[in-house]
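Notes follow once the structure below has been shown.
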Amino acid sequence: MAKHIGVIAPALPSHFSALQALACELIERGHRVTFLHQPEASRWLSDSRIGFQPLGESSHPPGSLDETLRLAANPGGPLGLKRLIQDMSRTTEMLCREAPKAIETLQIDALLCDQMEAAGGLVGEAMGLPYISVACALPINREPGLPLPVMPMSYQDDPRRQRIYAGSERVYDDLMNPLRRVVARHAAAFGLSPREGLHECLSPYAQISQTVSGFDFPRRALPKDFYHVGPLRAAPTEEPDLAIPIAQDRPLVFASLGTLQGHRFGVFRRIARACRRIEVQLLLAHCGGLNSNQEQVLEREGATWVRDFVPQRAALARANAVVSHGGLNTVMDALLAHTPILVLPLAFDQPGVAARVVHAGVGLKASARFSNQRALSDKLETLLTYSRFAHPLERLSDEVKAAGGVPRAATIVEKVIDGDPAISPHASAHESLA
């Protein structure tokens, strides 16, 4: 039976992109899908079949989203980070306050809730709706003995390291106090059990992750209703062409820092110089973050081609290595393409992604701030020269291909919203959805 599904997610382009791909699949299956957020977030929905319900028009006026994105791209220190967390808290406050009435008016039957926005789970539970949590970034599910996904720590199973993980978790929770207070207040107002963190607002019906289990640190306590489905992407209608004359006798490096970090001219400059030092071709995509003068400087410094946008999957399929900020979309695409990765983490869960890239044996990491051109060129040369990355890349590529992607995620959603008894809260659904 066709249902009306609401989507509640952070106003971030990569999160909207993943959830839009899932929304389109659900629409193809006969359902109706509506995103709920501040008006400016509608810019990232490119399919006219998807509905959008604006919220927070008084608390989140025009320009406020751009300001939050600028802050997210470059917090600039502890004060900037504090402001960003306060912005996140205000958005969660607004969604908890305004989403219930909109959901009732729109007659929404179920919710897709991004793990990184607590309002989705709180509202879904309060309204008695079936809701599904989606991890568009690294899963935030907590386990003793594992570092949080925002932390840069490597994985080691020993008492000393576990104490470090626990201590970093306390530091993180202290930083997130503004959001924790908002979550606790609305949980109480909705008549829910006490809770404070994002990880306490996840669905008891089903949780979907864009990762695969082989990429994560060893997990022992994921809920039975947790599904690794791999990247949530729309299937390409045709194979895009890079339209650049790549020389066959020299390796190609592809570099991208994503949509929010494409303004990092200094980092791009060191990447260009590193590639010139080892005489490789460099295709650099800045996602509109640089101007024409900066593009010309990068070409003089060692970049072979500088573009605003390129078809990423085509670039990764042709590249011999990729330099990335550690965005999960880029990393998953690199795994599919068997392309080794040099991660320069900048924000959010990117330090955690970098640690998992190294742990999985599919690449290396370096400091975006402190690594000079020599350090970057040495690591790139390692990626281009040594074969030890090939087998882990092949293994994880096969795992991503078999994970099911958007079609499997949509089937899981349909099982939940149709009230399949195999996936009632806290029940095991793996057999029914295999």
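The values are calculated or read from the model by the stated rules, or taken from the named source; none is laboratory data. Keep in mind the model is a prediction, meaning the values are calculated, not measured. All Cβ positions, even for glycine, are placed from backbone atoms using ideal geometry, and neighbour counts span all protein chains on display.
When you look at Val212, is it under 30 Å from Gly405 (Cβ atoms), β-branched (Val, Ile, Thr), touching a helix residue (DSSP H, G or I) at 6+ places or on another chain (Cβ under 6 Å) and buried (at least 21 other Cβ atoms within 10 Å of the Cβ), yes or no? So that I can check it myself, show each step before the final result.
Values: under 30 Å from Gly405 (Cβ atoms): yes; β-branched (Val, Ile, Thr): yes; touching a helix residue (DSSP H, G or I) at 6+ places or on another chain (Cβ under 6 Å): yes; buried (at least 21 other Cβ atoms within 10 Å of the Cβ): yes.
When the stated conditions are applied, Val212 passes them.
In the range 45-103, which residue that is in contact with an Asp or Glu (Cβ under 9 Å, 6 or more places away or on another chain), small (Gly, Ala, Ser) and without any contact (Cβ under 8 Å) to a residue 40 or more places away in the chain is surrounded by the most Cβ atoms within 10 Å (Cβ to Cβ)?
Only one residue tops the list, namely Ser64.
From Ser17, Ser59, Ser42, grab the single residue that is within 19 Å of Arg97 (Cα to Cα) and assigned by TED's automatic domain parsing to the domain that holds Leu122.
On the way: Ser17 fails: within 19 Å of Arg97 (Cα to Cα); Ser42 fails: within 19 Å of Arg97 (Cα to Cα).
The unique qualifying residue is Ser59.
Report, by residue number, each residue of the range 158-191 that is under 22 Å from the mean Cα position of the chain (by Cα) and assigned to a loop (DSSP other than H, G, I, E, B).
Within the range 158-191, just Met176 meets the criteria.
Just one of the numbered conditions (1) of a type outside the set (A, V, I, L, M); (2) free of Cβ contacts under 8 Å to residues at least 60 places away in the same chain; (3) under 23 Å from Leu290 (Cα atoms) is not true of Phe389; which one?
With respect to (1) of a type outside the set (A, V, I, L, M); (2) free of Cβ contacts under 8 Å to residues at least 60 places away in the same chain; (3) under 23 Å from Leu290 (Cα atoms), Phe389 is out only on (3).
Check Pro240 against each of (1) assigned to a helix (DSSP H, G or I); (2) surrounded by fewer than 19 Cβ atoms within 10 Å (Cβ to Cβ) and name the one condition it does not meet.
(1)
In the range 322-334, what residues are in contact (Cβ under 8 Å) with a residue 40 or more places away in the chain and either within 25 Å of Asn291 (Cα to Cα) or among the polar types (S, T, N, Q) (or both)?
Of everything in the range 322-334, those that are in contact (Cβ under 8 Å) with a residue 40 or more places away in the chain and either within 25 Å of Asn291 (Cα to Cα) or among the polar types (S, T, N, Q) (or both) turn out to be Val322, Val323, Ser324, His325, Gly327, Asn329, Thr330.
Kindly evaluate Leu283 against the criterion of being surrounded by 19 or more Cβ atoms within 10 Å (Cβ to Cβ) and either assigned by TED's automatic domain parsing to the domain that holds Tyr155 or among the hydrophobic types (A, V, I, L, M, F, W, C) (or both).
Values: surrounded by 19 or more Cβ atoms within 10 Å (Cβ to Cβ): yes; either assigned by TED's automatic domain parsing to the domain that holds Tyr155 or among the hydrophobic types (A, V, I, L, M, F, W, C) (or both): yes.
Criteria met by Leu283.
Gln115: farther than 30 Å from Asn177 by Cβ and either within 23 Å of the chain's Cα centre (by Cα) or hydrophobic (A, V, I, L, M, F, W, C) (or both), yes or no? It would help to see each step written out before you state the result.
Working: farther than 30 Å from Asn177 by Cβ: no; either within 23 Å of the chain's Cα centre (by Cα) or hydrophobic (A, V, I, L, M, F, W, C) (or both): yes.
Spelling it out, it is not the case that Gln115 is farther than 30 Å from Asn177 by Cβ and either within 23 Å of the chain's Cα centre (by Cα) or hydrophobic (A, V, I, L, M, F, W, C) (or both).
Quick test for you: out of Arg49, Arg32, pick the one residue that is at pLDDT 95 or above, out of contact with any strand residue (DSSP E or B) (no Cβ under 6 Å at 6 or more places or on another chain) and under 25 Å from Glu414 (Cβ atoms).
Values: Arg32 fails: out of contact with any strand residue (DSSP E or B) (no Cβ under 6 Å at 6 or more places or on another chain).
Sole residue among the options that is at pLDDT 95 or above, out of contact with any strand residue (DSSP E or B) (no Cβ under 6 Å at 6 or more places or on another chain) and under 25 Å from Glu414 (Cβ atoms): Arg49.
Taking the options Leu112, Leu146, name whichever one is crowded, with 24+ Cβ neighbours inside 10 Å, out of contact with any Asp or Glu (no Cβ under 6 Å at 6 or more places or on another chain), of a type in the set (A, V, I, L, M, F, W, C) and farther than 21 Å from Ala189 by Cα.
On the way: Leu146 fails: crowded, with 24+ Cβ neighbours inside 10 Å.
Of the residues listed, the single one that is crowded, with 24+ Cβ neighbours inside 10 Å, out of contact with any Asp or Glu (no Cβ under 6 Å at 6 or more places or on another chain), of a type in the set (A, V, I, L, M, F, W, C) and farther than 21 Å from Ala189 by Cα is Leu112.
Do you know which of the residues in the range 291-306 that are in contact with a His (Cβ under 9 Å, 6 or more places away or on another chain) and buried (at least 18 other Cβ atoms within 10 Å of the Cβ) is nearest to Arg276 (Cα to Cα)? Don't jump to the end; show me each part of the working.
Keep residues of the range 291-306 that are in contact with a His (Cβ under 9 Å, 6 or more places away or on another chain), which gives 294-295, 298, 306.
So of that shortlist, the ones also buried (at least 18 other Cβ atoms within 10 Å of the Cβ) come out as 295, 298, 306.
Details: Glu295: 16, Leu298: 11, Val306: 14 Å.
Of everything passing the filter in the range 291-306, Leu298 is nearest to Arg276 (Cα to Cα).
Among Ser193, Ser213, which is under 28 Å from Glu169 (Cβ atoms) and touching a strand residue (DSSP E or B) at 6+ places or on another chain (Cβ under 6 Å)?
When all the criteria are applied, what remains is Ser213.
Quick check on my filter: what residues within the range 245-262 are modelled with pLDDT of 90 or more and either under 28 Å from Leu12 (Cα atoms) or surrounded by fewer than 17 Cβ atoms within 10 Å (Cβ to Cβ) (or both)?
Residues of the range 245-262 that are modelled with pLDDT of 90 or more, as a first pass: 245-257.
Matches in the range 245-262: Pro245, Ile246, Ala247, Gln248, Asp249, Arg250, Val253, Phe254, Ala255, Ser256, Leu257.
Given the residues Pro75, Pro139, which is the only one that is in contact with a strand residue (DSSP E or B) (Cβ under 6 Å, 6 or more places away or on another chain) and assigned to a loop (DSSP other than H, G, I, E, B)?
Pro139
Any idea which residue in the range 192-237 is nearest to the chain's Cα centre (by Cα), counting only those that are outside any loop (DSSP other than H, G, I, E, B) and of a type in the set (A, V, I, L, M)?
Pass one, the range 192-237, residues outside any loop (DSSP other than H, G, I, E, B): 198-200, 206-209, 213-215, 226-228.
After this cut, where a residue has to be of a type in the set (A, V, I, L, M) as well, the list is 198, 206, 208.
Numbers: Leu198: 15, Ala206: 18, Ile208: 13 Å.
Step by step, filter the range 192-237, then rank; the result is Ile208.
Consider Asp249 against the criteria (1) touching a Gly at 6+ places or on another chain (Cβ under 8 Å); (2) part of a loop (DSSP other than H, G, I, E, B): it satisfies all of them except one. Which criterion is unmet?
Unmet for Asp249, out of (1) touching a Gly at 6+ places or on another chain (Cβ under 8 Å); (2) part of a loop (DSSP other than H, G, I, E, B): (1).
Just to verify a result, which residue in the range 1-44, among those that are in a helix (DSSP H, G or I) and over 21 Å from the mean Cα position of the chain (by Cα), is surrounded by the fewest Cβ atoms within 10 Å (Cβ to Cβ)? Show your work before the answer.
First, pick out the residues of the range 1-44 that are in a helix (DSSP H, G or I): 13-28, 39-44.
Then drop every residue that is not over 21 Å from the mean Cα position of the chain (by Cα), which leaves 27-28, 39.
Working: Ile27: 18, Glu28: 12, Pro39: 17.
The residue in question is Glu28.
What is the one condition in (1) closer than 23 Å to Lys415 by Cα; (2) outside any strand (DSSP E or B) that Asp66 does not satisfy?
Of everything listed in (1) closer than 23 Å to Lys415 by Cα; (2) outside any strand (DSSP E or B), Asp66 misses just condition (1).
Taking the options Ala402, Ala390, name whichever one is under 24 Å from the mean Cα position of the chain (by Cα), aliphatic (A, V, I, L, M) and surrounded by fewer than 19 Cβ atoms within 10 Å (Cβ to Cβ). If you could, list the steps in order and put the result at the bottom.
Numbers: Ala390 fails: under 24 Å from the mean Cα position of the chain (by Cα).
Within the list Ala402, Ala390, the selection yields Ala402.
Of (1) part of a helix (DSSP H, G or I); (2) in contact with a strand residue (DSSP E or B) (Cβ under 7 Å, 6 or more places away or on another chain); (3) of a type in the set (A, V, I, L, M), Met88 satisfies all except one. Which?
The single condition Met88 does not satisfy is (2).
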